[in-house]
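The values are calculated or read from the model by the stated rules, or taken from the named source; none is laboratory data. Everything quoted here is computed from the prediction, not taken from an experiment. Using ideal geometry, Cβ is built from the backbone for each residue, glycine included, and neighbour counts are taken over all protein chains shown. Remember, those area values only see protein heavy atoms, side chains included, never the ligands or the DNA or RNA. Shrake-Rupley method; radii C 1.70, N 1.55, O 1.52, S 1.80 Å.
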Amino acid sequence: MKTEKCPPDLIIVGDLHAEESQPPCRLDNFWDTQITKFKWLHSLWEEYQHPLVAQVGDLFNHWKSSPKVISAVLEYLPPMITIPGNPGKHNYSGQELNKDALYTISVSGKGWIVLSMNEISPYNAGAYFLPRCDFYYCPWGEDPKPQRLESGTRKILLTHRMIVDGYTPYNGDDAMGFLKKHRGYDLILTGHNHKPIVRSFNGRFLINPGSFTRQTASENHEPSIWLWWSEDNKIERMVIPHDPAAITRQHIEQEQERDQRLEAFVESLDDQKDLDINYRKNVETYISNNKVRQAVLDRIYAAIGKE
């Protein structure tokens, strides 16, 4: 439900991964759904009288995105301040800079601002000036510099890195630990982890909004944006209109069934010491033409005697 407060100073948006192809987990027409969400955000931006929009990296799913995707971003989304995420950060300062989708939007004249590792911190938001607010940023693979909190000035850190909360199979920085370590920032905005995380400490916040459009079956959260008011450093969550039933696990279940069949096949080979060479080739051909999980691969290789 929309807030009754005055318009926010900042809209915080998670990983968008603007994409032309259809994710395997989506039952809807993903392109149409994606554009609908872009338009929703643009309408909200207009309704709130054009506040600054901060996006936490991975704006595009591919650093060399197609003209169709780049055009949709420029046409349907509000202009944002963003940073390079992992798809393309390695290229954004390289010799092929002018081929990067982020570079294209940065020179579009549409108000987009891309903060790269070549910029100077702090960055004041130019045409979208926030009084007494400074942006600091570190793209994928970089560490933030320590800062000191200053009376009357808000410091905002925009970073793209793996922030985790509790147990996770991924390596990353613990959300609360990261917030406590970097005490010089009033507001820390992070991307890369598609699961939403929000933590507060001594009136300061860390917000990892999560993915804007869910593109994998594991993303079963309510996609949301966050609103921020600089004067009192307050935040508010707003759920993005979405269809919970648009995500399916059917393709994953099919892969699991295939793995189970492969495991049963491997078990039938365990007692066979001498395999026909053609049979071995058939197995290796199947592996090369199909995605097989490493655990299953290890069993297959052990059964056919391959290192």
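Please give the number of the condition SER71 fails out of (1) modelled with pLDDT under 90; (2) farther than 21 Å from THR159 by Cα.
Going through the list (1) modelled with pLDDT under 90; (2) farther than 21 Å from THR159 by Cα, SER71 breaks only (1).
Test THR216 against the stated conditions and say whether it is modelled with pLDDT under 95, of a type in the set (Val, Ile, Thr) and surrounded by fewer than 20 Cβ atoms within 10 Å (Cβ to Cβ).
Against the criterion (modelled with pLDDT under 95, of a type in the set (Val, Ile, Thr) and surrounded by fewer than 20 Cβ atoms within 10 Å (Cβ to Cβ)), THR216 qualifies.
For residues in the stretch 130-145 being closer than 15 Å to MET162 by Cα and part of a loop (DSSP other than H, G, I, E, B), which is least open to solvent (accessible area, probe 1.4 Å)?
Across the stretch 130-145, the extreme among qualifying residues is PRO139.
Regarding GLY210, is this residue assigned to a loop (DSSP other than H, G, I, E, B) and either over 20 Å from MET80 (Cβ atoms) or of a type outside the set (Val, Ile, Thr) (or both)?
Taking the combined requirement at face value, the residue satisfies it.
For (1) over 17 Å from the mean Cα position of the chain (by Cα); (2) open to solvent by 40 Å² or more (accessible area, probe 1.4 Å); (3) closer than 21 Å to PRO84 by Cα, each residue gets a yes or a no:
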| position | (1), (2), (3) |
| --- | --- |
| GLN147 | yes, yes, no |
| SER151 | yes, yes, no |
| HIS160 | no, no, yes |
| ASP165 | no, yes, no |
| GLY172 | no, yes, yes |
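Please go through (1) under 15 Å from the mean Cα position of the chain (by Cα); (2) open to solvent by 10 Å² or more (accessible area, probe 1.4 Å) for GLN34 and return the number of the only condition it doesn't satisfy.
For GLN34, the failing item is (2).
I'd like the residue in the stretch 37-65 that is over 19 Å from the mean Cα position of the chain (by Cα) and not in a helix (DSSP H, G or I) and, out of all such residues, is farthest from PRO7 (Cα to Cα).
LEU52
Against the condition modelled with pLDDT of 75 or more and open to solvent by less than 20 Å² (accessible area, probe 1.4 Å), how does LEU269 come out, does it pass?
no
Restricting the search to the stretch 1-35, which residues are touching a residue at least 60 places away in the same chain (Cβ under 8 Å) and of a type in the set (Val, Ile, Thr)?
Passing the criteria: THR3, ILE11, ILE12, VAL13, THR33.
Filter the stretch 175-199 for residues that are open to solvent by 40 Å² or more (accessible area, probe 1.4 Å), more than 21 Å from the chain's Cα centre (by Cα) and touching a residue at least 12 places away in the same chain (Cβ under 8 Å) and give the result.
LYS180, ARG183
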